[in-house]
């Protein structure tokens, strides 16, 4: 067998005795320690008395020769713990919490923890070991943790060892105990590397008085120590060898940074904390993750781990030029890359050169405005502009910030630049303008939207070459009425200005099919008789457009004042475009909804082909016929089904109308009786729209309200007709009446016709009886 002893300290009166135990199997004798339980119990009472501060019990225990003053007994200890709370771009905050844990502790440890100086001295007189190491540290560590300065002095005098003092000075740095740090440093037992660790810890936690004390006591302010650095923004959680200055910057400890700089610490010490890596040859940036980029100095660290007030960066910039290069870049470039507006503003206020370009080994050059535009940082871009940067500065290939916005699809930055007056007519070395760059990036719509937003805000975009870019021509080509109207309020806008092809704004609107812009320009006085270099007028271009009828309608309206003519197939084109307003207007004016255009299409067919469900409904309500055919045999339904990728709305609208007509007009069907047990016979089936009743005769049992309608037979019908061979006859459908009677019918035309009957029954019933008469499909 095996005997295990309770763990305890060796020494004192209550020692450990050895007991020989014969193993059950081998016959050999093994020696195992067995506790002197009486001594352990007495020593445990001393520990408990020390924890409670019971002086009488302590005295009794100390008088007992069996008591071991160095005995470590299990107690429930309540102590302090310093916790660092991270803030976003703000100073990390250290808060003290109390934690309670069960641990081994000696009487001396507990007395030091509680600050009971008299008990500490008494225990030391009784031979307590001042350098006994427990799970929670030495006795002097406990005293420092709880801020018991007198106890610390007593323990130092009692001979606290170097490991104990070094652990204690680190603890003092964690809790901000400047006076205790001074006492411990004065013991001359703290080695330089431990003093450096304590200094870095105190700096990271913002304990300026501890930092000051440690420096005055000889700690090397330039030494490095490994520390877990953490940050909320940017995200950081990594162990790194760093100086006190770096630790204070990452933790945003303004007062500590100020004190360290006053102490003359080195500012050029490098640390690997950055998240961005640079290619010094090409100028490309790579996000590699915090702590994986090239090492940089304190100033770059202050930019990436920027403190919200900017105080730390300003302090560092008193010792570092904001325009010094690091891998071809400056602090301003780094602040832009980190997307930190306040860091950018601080650098600009401290004299950073906003025109200084990035320089690379391959002669790639771009300025801060280009970097901000490429990265899509509109607030930073605005800040650079406010400082007076050159809006039209170029990269090594002649690109402006506007072109970069277009190439990298940065709409907010594009708005900022256009509003500030960047020239939209400039071209790069390859002859590419901002508009062409947007087109090559498949971003023309967003480019147009951004520029038009600026125009609508009553700002005219700058253009030094109207042949490359003309605001009114651009707005007309985009078909933006608001922009055109805004431009026409300016007296310096030439409404008939022509480009290099002789095209005027009204021609552009006609060519692009922008009817509303065409209307605005025509009624504003645009000359529709001007010809381009091909000899075409705006009216000619409008006639070659798909929706030429709407242009002709504009001209018809204009004729009322100026004298002209127009109008042809307006309803057809409005229906094809899905223009509900135009269709509604034209139908109200009496346009023939069933007339065919030159290709034989009705307006309903065109709306169905383009998937405009709402337009189809409107046309049907206006009397459009669903059963008309083209000379190719096409119907509105077949055209809708040919373009299912556009949705089902048009098909559903037409099917609804065909179904209504089917059930309201009625038709011959074959009716089964007794759930298929009887013989089927012919009936004329139809619905009475006003009553919502399905009728196949004059009797009340033949005039029913349906609560269910479904294609196919019920299970009972299938059983009854299985032997007849028509249980699954094409065209079979069934209804369930309000009295729960099930009736089966067979229509000609197969399943498609049966679906129409079911659809029509549901629609008419629901339309007549409302929600209470909803017909549902049987499960």
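Readers should treat all values here as calculations from the given coordinates under stated rules, not as data from a laboratory. The model shown is predicted, which means the values in this text are computed figures rather than measured ones. Note that each Cβ is placed from the backbone with ideal geometry, even for glycine, and that neighbours are counted across all protein chains shown.
When peptides 736-744, 167-175, 389-397, 751-759 are ranked by their average number of other Cβ atoms within 10 Å per residue, the highest-first order is 167-175, 751-759, 389-397, 736-744. For a paramagnetic label modelled on residue 533 (point 7 Å from Cα along Cα→Cβ), amide N atoms under 11 Å away belong, within segment 497-521, to 499-503. Note on segment 303-346 and segment 655-690: Cα centroid distance 83 Å, given to the nearest whole angstrom. In segment 38-131, the alpha-carbon atoms span a convex hull of 101 Å³ per residue. Once the Cβ-Cβ distance of residue 580 and residue 81 is raised to the sixth power relative to R0 = 56 Å, the FRET efficiency obtained is 0.20. Averaging 1/r across all pairs of distinct Cα atoms in the chain and inverting the result yields a Kirkwood radius of 36.1 Å. Using Cα centres only, tell me the gap between segment 155-188 and segment 216-269 in whole Å. The distance from the Cα centre of segment 155-188 to that of segment 216-269 comes to 21 Å. Where does each of 765, 630, 673 land when they are ranked from fewest to most other beta-carbon atoms within 10 angstrom? So the residues, fewest neighbours to most, are 673, 630, 765. The Cα center of segment 116-135 and the Cα center of segment 484-545 differ in position by 99 Å. For segment 465-534, the square roots a ≥ b ≥ c of the C-alpha gyration tensor eigenvalues yield an a/c under 1.5, which makes the shape rounded. Sorting 496-506, 675-685 by their mean Cβ neighbour count within 10 Å, with the most densely packed peptide first, gives 496-506, 675-685. Stretched out straight at 0.36 nm per residue, the stretch from residue 738 to residue 239 would grow longer than its current Cα-Cα span by 171.9 nm.
Each of the peptides 482-489, 94-101 was scored by the mean count of other Cβ atoms within 10 Å over its residues; in descending order, highest first, they stand as 482-489, 94-101. Axis of helix 750-769 versus longest Cα principal axis of the chain: the two differ by about 80°, to the nearest ten degrees. Our estimate of slack between residue 118 and residue 66, defined as 0.36 nm per intervening residue step minus the Cα-Cα distance, is 16.5 nm. Working note: 222 nm ellipticity from helices only, DSSP H runs with n ≥ 4, each -39,500 (n - 2.57), summed and divided by the residues of the chain, gives -12500 deg cm²/dmol to the nearest 500. Largest first, the three principal axis extents of the alpha carbons in segment 580-658 are 31, 25, 19 Å in whole numbers.
Listed by Cβ neighbour count within 10 Å, with the fewest neighbours leading, 761, 495 appear as 495, 761. With only Cα atoms counted, segment 195-257 has Rg and Dmax values of 10.8, 35 Å.
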